[in-house]
Structures are given as C-alpha cells and as structure tokens.
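Here is the structure we will look at.
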Amino acid sequence: MSIKILVYILLSNCIAMSGGIWETNILQNVHLNNQYTRYLYHADDRIYALTSNGVFYSTNGGNFWSNILINAGDFQMNYSAETMTHIGEKIFVGAPYPGVYGSYDRGMNWIVLNSGLGSTNVVSVISNGSLLYAGTSDSGVYISSNYGSTWSASSSGLTN
C-alpha cells in the first residue's frame, strides 16, 4: 500500500470521527465585524457576546445582533466587560470597574452592585442556584445570596 493512500485513509477517518463540521456564522451587525469577542454566554432564548466594542445579544441564533448599552447612573460601560452570568431573567456582568452590573429586566436597565465587594476589579461572575459569586483580581472571591445587592467575602480562604 502506498504512503499516499495510507495518509488519505487516516485523514478521512479523523475527519469522519470529528463529530461534524464547524461553520463560520457571518455577523450581520456592522458593529460586530472583526471585533475581538472575549466571552459568549447563552441564557434562555438569547446569546450574549462580550466584545471589544461592547455587549451584544442575539435572539435568532447569531444571525442578527443588537447592542446593549450598560448605563447605571454615573457609570457607563461598553468596552470593559469581562464575564457574565444569569439567574432566571436577571443578568450580571463583571467588569474591572466599577465591579458588577446587574439587570433585572434582561438588559434594559442596569444598576451597579458592588456593596461589600473588597475590590471593583471583577474578572469573573458565576451563579449556582440562587447564589452569585464574583471573583476579583486582587481581593479574592465574594458571595451574594440576594442577587448582588450585598456581597460578603468567601470564608474559604480565597482572599487575594
């Protein structure tokens, strides 16, 4: 058997066993073209994209995107979002400043939720049931049991 045929058979088997073919979805909103997408998140019927040009969402599988302006009083954030999570229809976004943003109406209105956070440099937020966790880059992990209204430091020793 020639080496060319053996290589072809091996490559064909690898491709067949890969589980499918990935497709590039062309983002039709001009604001998302060629943008660095730092985080994708799925909640209910929406896909959220945290990009270098702001936060966007899609309700049709990524074929069309709409911008979410995160504006909470004196704080307006579009570019520095690091991560997001949700509890039901409540959305939480972590950012280096001022910390955690929360929306209780799927992104229409926002508030800053940093009461009790030892640092406003939030790089990670996750939810587990009704609990919300915020990871900071310089003062550890914080937990909230009231949708981010107040935070307390983790008692697990993760303090820096």
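Observations, loosely collected:
- Residue list for region 132-142, filter: of a type outside the set (Phe, Trp, Tyr) and either under 13 Å from Met84 (Cα atoms) or at pLDDT 95 or above (or both): Leu132, Ala134, Gly135
- Enumerated strands (runs of 3 or more DSSP E) restricted to region 51-149, each holding at least 3 residues that are surrounded by fewer than 17 Cβ atoms within 10 Å (Cβ to Cβ): 122-128
The values are calculated or read from the model by the stated rules, or taken from the named source; none is laboratory data. No experiment lies behind these values; they were computed from the predicted model shown. Every residue, glycine among them, receives a Cβ derived from its backbone with ideal geometry; neighbour counts consider all protein chains shown.
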